[in-house]
2 protein chains.
Amino acid sequence: MSDQPIPTLRDVIAARANVYRYLRPTALHPYPGLSKLVGANVWVKHENHQPVGAFKVRGGVHLAARLSTEELAGGLFTASTGNHGQSIAYAAKVRGIKATIAVPEGANPGKVAAMRALGAEVVFHGADFDTAREWIMGEAEARRGRFVGPTEEILIEGVGTYALEIMEDLPTVDTILVPVGAGSGVCATSIVAKTINPKVEVIGVQSAQAPAMQKSWQSGQLVTAEMNTFAEGIATRVPFANTQRIMRKYLDDFVLVDDSAIKQAVVLMLEHTRNLAEGAGAAPLAAALNLKERLAGKNVVLVVSGGNMSLDKLRAILAATA
Amino acid sequence: MSDQPIPTLRDVIAARANVYRYLRPTALHPYPGLSKLVGANVWVKHENHQPVGAFKVRGGVHLAARLSTEELAGGLFTASTGNHGQSIAYAAKVRGIKATIAVPEGANPGKVAAMRALGAEVVFHGADFDTAREWIMGEAEARRGRFVGPTEEILIEGVGTYALEIMEDLPTVDTILVPVGAGSGVCATSIVAKTINPKVEVIGVQSAQAPAMQKSWQSGQLVTAEMNTFAEGIATRVPFANTQRIMRKYLDDFVLVDDSAIKQAVVLMLEHTRNLAEGAGAAPLAAALNLKERLAGKNVVLVVSGGNMSLDKLRAILAATA
């Protein structure tokens, strides 16, 4: 459990100056085709339009902007094969500092190449993610660098700026559906939305094939669970304590959807919005289609958290749904 | 030949107030993966992020904002199965007026549904586009409405705002590659870029399977040509005189690329940017890959004009390149 204070709306508002120094607000578009399918007024928050294709970059640039020159001198360190790693690589690049990112042996070559293309040093270490993570934490300490965990409060402050954009662009929003991986997105969204308007309902979404965060939230315990989803952005095996504490305070509901429904939602997103959503990004649509009665006639925002799906996965999904 | 004055940079600057009342600036992102492929510093201008998935909506909302209440009273009329039709439907919707759009019998049901979902009345008339167009022009006159042609100067003024964003976000741009359909995008881009900095090179791109605009520009005559491209956004059979006159004054070069190369570029865009580009939107990447020597080391912007590719086409392209 983190002993850091939970970020507030005020922290998110303060983060905007940092975030908008490097990034623009993303689009919130209404989609008549999705609205018809769900039976509600459906908007999509397009975090897939971010420069590294995912919302996390908001947290990364805010962190890099807030740290002092001394804190940044040793560079940023993290362990990630996904959007968090790309976010930290991007943040380091815009601040002109070094990022060192540990990945397990055999990590996805495409994702490694993407982080290297952003200027990060990628180091293969250990057989699994936990080994890589422990090692890089040691490296950060030894080299007086700054290790950045995926759910740090400062990242949540930056990420919250997308939720603030939703509340400004659609003040009449009723329900926001957010995919949950480590939890920074859903925490940021619920802090911002519930503080501005407690009547707004925030619903987390995870895959039934990787329900650790959902089971933990539901039970009030930190529960490890199976992790067999294809959707990397919401593939969490061990729950994160500091986001769980925030979710317990702010989150209204947390639902599971099957991987098969998420894949179908990827196709529906392409068809009706012409946007490529990664599995995590499409999960809110899958959830909305399961919750049609509850959402009927409401103003619903689906947070498309990112679009980083590999070509091979996309090709397989499209072939399977032909 | 239009007798309207050619739009100027000043007209485009004036159009911003109208455009930004309804739309946000779109992203201009650098892509290291594309840069490596082309051997230049490659940025993508993401007009596919617009609400109707294409740049034309900038012209539509500017037109609707500039017309007086009297001029708008009879509604907007046009003939289009593509991005122009969706743009006019969107513009009418945001101004709260009616759009009537004629399409030939047998028009793509998906596109008809998209225009209807935006509130437009879609009328099937005639066996081909020319018949539909002549009919709707008569209807507009009879009903005292405003017919909107696809290359009107007022549309070019609105469209030019994306070029202004490019020049502001990347003042060191050397070359801008723009797909050419009716020509509003390439005219707007070259007016803006060449007026701000005559050293910027603007290159038009069309399919070798539909080269009417390119042949016309090259020969100085209005030349009709075959139209067999899969890329609807650049499928022009009969050239447009009023955009040709602007292109002759401002455009630096105009190249053709094969449909097969455009399809490959759609796949490369997905792989390296995670964005769905329609054929027209991917054509600049195909051209850049053909012009590697000329672009070497330069700052190159690819205008992804839109992302409205049908699921069937995407599925076929991905299956063919597996």
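The values are calculated or read from the model by the stated rules, or taken from the named source; none is laboratory data. Every value quoted in this text rests on a predicted model; they were computed, and no experiment measured them. When we count neighbours, we look across all protein chains shown, and the Cβ atoms used for this are built from the backbone with ideal geometry, even at glycine.
Couple of notes before you dig in:
- Residues (among the hydrophobic types (A, V, I, L, M, F, W, C) and at the interface with chain B (Cβ under 7 Å from one of its Cβ atoms)) located in the stretch A:27-38: A:Ala27
- Some residue of the stretch A:171-182 being surrounded by fewer than 17 Cβ atoms within 10 Å (Cβ to Cβ) and within 21 Å of the chain's Cα centre (by Cα): no
This table checks each residue for (1) polar (S, T, N, Q); (2) in the same structural domain as B:Leu270 (by TED's automatic domain parsing); (3) closer than 17 Å to B:Ala114 by Cα.
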position	(1), (2), (3)
B:Lys36	no, yes, no
B:Gly59	no, no, no
B:Leu63	no, no, no
B:Ser68	yes, no, no
B:Ser80	yes, no, yes
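- Matching residues, the stretch B:67-112, being in a helix (DSSP H, G or I), of a type in the set (Val, Ile, Thr) and surrounded by fewer than 24 Cβ atoms within 10 Å (Cβ to Cβ): B:Thr69, B:Val94, B:Val112
- Residues in the stretch B:272-281 that are of a type outside the set (A, V, I, L, M, F, W, C), farther than 10 Å from B:Pro179 by Cβ and either out of contact with any Phe, Trp or Tyr (no Cβ under 9 Å at 6 or more places or on another chain) or away from chain A (no Cβ under 14 Å) (or both): B:Arg274, B:Asn275.
- With respect to (1) outside any helix (DSSP H, G or I); (2) touching a helix residue (DSSP H, G or I) at 6+ places or on another chain (Cβ under 8 Å); (3) more than 30 Å from B:Leu268 (Cα to Cα), the lone exception for B:Asp3 is condition (2).
- Test: residue in the stretch B:247-260 that is over 30 Å from A:Glu47 (Cβ atoms), surrounded by fewer than 21 Cβ atoms within 10 Å (Cβ to Cβ), touching a residue at least 40 places away in the same chain (Cβ under 8 Å) and small (Gly, Ala, Ser): no
- Within the stretch B:145-157, residues that are among the charged types (D, E, K, R) sit with their Cβ atoms under 6 Å from residues that are assigned to a loop (DSSP other than H, G, I, E, B) and surrounded by fewer than 19 Cβ atoms within 10 Å (Cβ to Cβ), at 6+ positions apart or across chains, in these pairs: B:Glu153/B:Gln4.
- Only residues that are touching a residue at least 60 places away in the same chain (Cβ under 8 Å), surrounded by fewer than 24 Cβ atoms within 10 Å (Cβ to Cβ) and within 11 Å of chain A (Cβ to nearest Cβ) were counted across the stretch B:282-312, and they come to 1.
- A single entry from A:Gln209, A:Gln264, A:Gln218, A:Gln244 fulfils the requirement of being of a type in the set (S, T, N, Q) and out of contact with any helix residue (DSSP H, G or I) (no Cβ under 9 Å at 6 or more places or on another chain): A:Gln218.
- If you go through the stretch A:214-232 and pick out every residue that is in a loop (DSSP other than H, G, I, E, B) and either without any contact (Cβ under 8 Å) to a residue 12 or more places away in the chain or within 18 Å of the chain's Cα centre (by Cα) (or both), you end up with 5.
- Hits in the stretch B:59-91 - residues which are within 14 Å of the chain's Cα centre (by Cα) and within 14 Å of chain A (Cβ to nearest Cβ): B:Gly82, B:Asn83, B:Gln86
- Looking across the stretch B:158-200, the residues that are touching a Ser or Thr at 6+ places or on another chain (Cβ under 7 Å) and of a type in the set (Gly, Ala, Ser) come down to B:Ala163, B:Gly181, B:Ala182, B:Gly183, B:Ser184, B:Gly185.
- In this entry, A:His29 is excluded by the filter for residues that are within 18 Å of the chain's Cα centre (by Cα) and either assigned by TED's automatic domain parsing to the domain that holds A:Val94 or not small (Gly, Ala, Ser) (or both).
- Residue check, B:Gly181 more than 14 Å from chain A (Cβ to nearest Cβ) and either more than 24 Å from B:Gly281 (Cα to Cα) or in contact with a Phe, Trp or Tyr (Cβ under 6 Å, 6 or more places away or on another chain) (or both): no
- Residue selected from the stretch A:116-165 under the condition hydrophobic (A, V, I, L, M, F, W, C) and within 14 Å of chain B (Cβ to nearest Cβ), by the criterion surrounded by the fewest Cβ atoms within 10 Å (Cβ to Cβ): A:Ala117
- Looking across A:Asn41, A:Asn48, one residue alone is within 14 Å of chain B (Cβ to nearest Cβ) and surrounded by fewer than 21 Cβ atoms within 10 Å (Cβ to Cβ). It is A:Asn41.
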